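Asker: I have a structure here, written as structure tokens, and I will follow up with some questions on it.
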Amino acid sequence: MSRTPSGDAVTELILEVFRLNGRLLVAGDRLVADLGLTSARWQVLGAIALSDRPQPVAWLARSMGLNRQGVQRIVNELQNEGLVAFQPNPNHRRAHFVVLTAHGKSTYDKAERLQGPWVNSLAKGVL
């Protein structure tokens, strides 16, 4: 089935969003590389830092729109580097809560301080 002109327009929009996402990931990787982070790791740290309460990996993944296995892999890497820790979840024996360590909070805060000037520069003239 061929697309309508509206379908073509939405397809082009979707492709542009994909391209923008790729560019943002590359920019994020460059921005936080010196902190030992990637955009994906920064995103997971952010989901943990910005959550109003500790969450297990599956909940973090769901809130981020990602698959659990991918988030689990990143969380395991972050734990190995001392950025996050697991805490017992009284509601589930195996689905531990993921929390930032002091080192993780410090690293996330540094990333946010780097992001501020970058995004402010990007946003010049928007409003």
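Asker: Can you give the convex hull volume of the alpha carbon atoms of region 1-76 per residue, in Å³? Walk me through the intermediate numbers first.
Answerer: Details: hull volume 9.5 nm³, N = 76.
Cα-based convex hull of region 1-76, divided per residue, equals 125 Å³.
Asker: For a label point 7 angstrom out from the Cα of residue 52 toward its Cβ, which stretches of region 64-89 have the backbone nitrogen within less than 12 Å?
Answerer: none
Asker: To continue, here is another question. Which of rounded, prolate or oblate describes region 73-112 when judged by the alpha-carbon gyration tensor and an a/c cut-off of 1.5?
Answerer: Values: a/c = 2.97, a/b = 2.01, b/c = 1.48.
It comes out prolate by the Cα gyration axes.
Asker: In region 10-53, what percent of the accessible surface is made up of carbon and sulfur (1.4 Å probe, ligands and nucleic acids excluded)?
Answerer: Its accessible area is 62 percent carbon and sulfur atoms.
Asker: In whole Å, what are the extents of region 1-44 along the principal axes defined by its C-alpha atoms, from largest to smallest?
Answerer: The principal-axis extents, from largest down, are 47, 16, 11 Å.
Asker: Also, quick follow-up: How big is the charge dipole of the chain about its Cα centre, in debye rounded to the nearest 20, if each Lys and Arg gets +1 on its Cβ and each Asp and Glu gets -1 on its Cβ? Don't skip to the end; give the middle numbers.
Answerer: On the way: 15 positive and 10 negative charges, 61 e Å.
For the chain, the charge dipole is close to 300 debye.
Asker: How large are Rg and Dmax for the chain when calculated on the C-alpha trace, in angstrom?
Answerer: Calculated on Cα positions, Rg and Dmax stand at 17.7, 55 Å.
Asker: Here's another thing I want to ask about it. Nearest 500 deg cm²/dmol is fine: what mean residue ellipticity at 222 nm does the chain get from its DSSP H runs of n ≥ 4 alone, each adding -39,500 (n - 2.57), divided by its residue count?
Answerer: On the way: 5 runs with 82 residues, N = 127.
Computed ellipticity for the chain at 222 nm equals -21500 deg cm²/dmol.
Asker: How big is the C-alpha Rg of region 43-100 next to the rule-of-thumb value 2.2 N^0.38 Å, as a ratio?
Answerer: Numbers: Rg = 10.2 Å, N = 58, 2.2 N^0.38 = 10.3 Å.
Ratio of Cα Rg to 2.2 N^0.38 Å: 0.99.
Asker: I need to check one value: relative contact order of region 16-127, counting alpha carbon pairs closer than 8 Å and at least 6 residues apart, in percent.
Answerer: Values: 108 pairs, mean separation 28.0, N = 112.
Relative contact order of region 16-127: 25 percent.
Asker: Placing +1 on the Cβ of each Lys and Arg and -1 on the Cβ of each Asp and Glu in the chain, which of 25, 88, 6 has its Cα farthest towards the positive end of the resulting dipole?
Answerer: 88
The values are calculated or read from the model by the stated rules, or taken from the named source; none is laboratory data. Bear in mind that the values here come from a model prediction, so they are computed numbers and not experimental data. Neighbour counts are summed over all protein chains in view; Cβ atoms, including those assigned to glycine, are modelled from backbone coordinates with ideal geometry. Just so you know, the surface numbers come from the protein's heavy atoms only, side chains and all, with ligands and any DNA or RNA stripped out. Shrake-Rupley method; radii C 1.70, N 1.55, O 1.52, S 1.80 Å.
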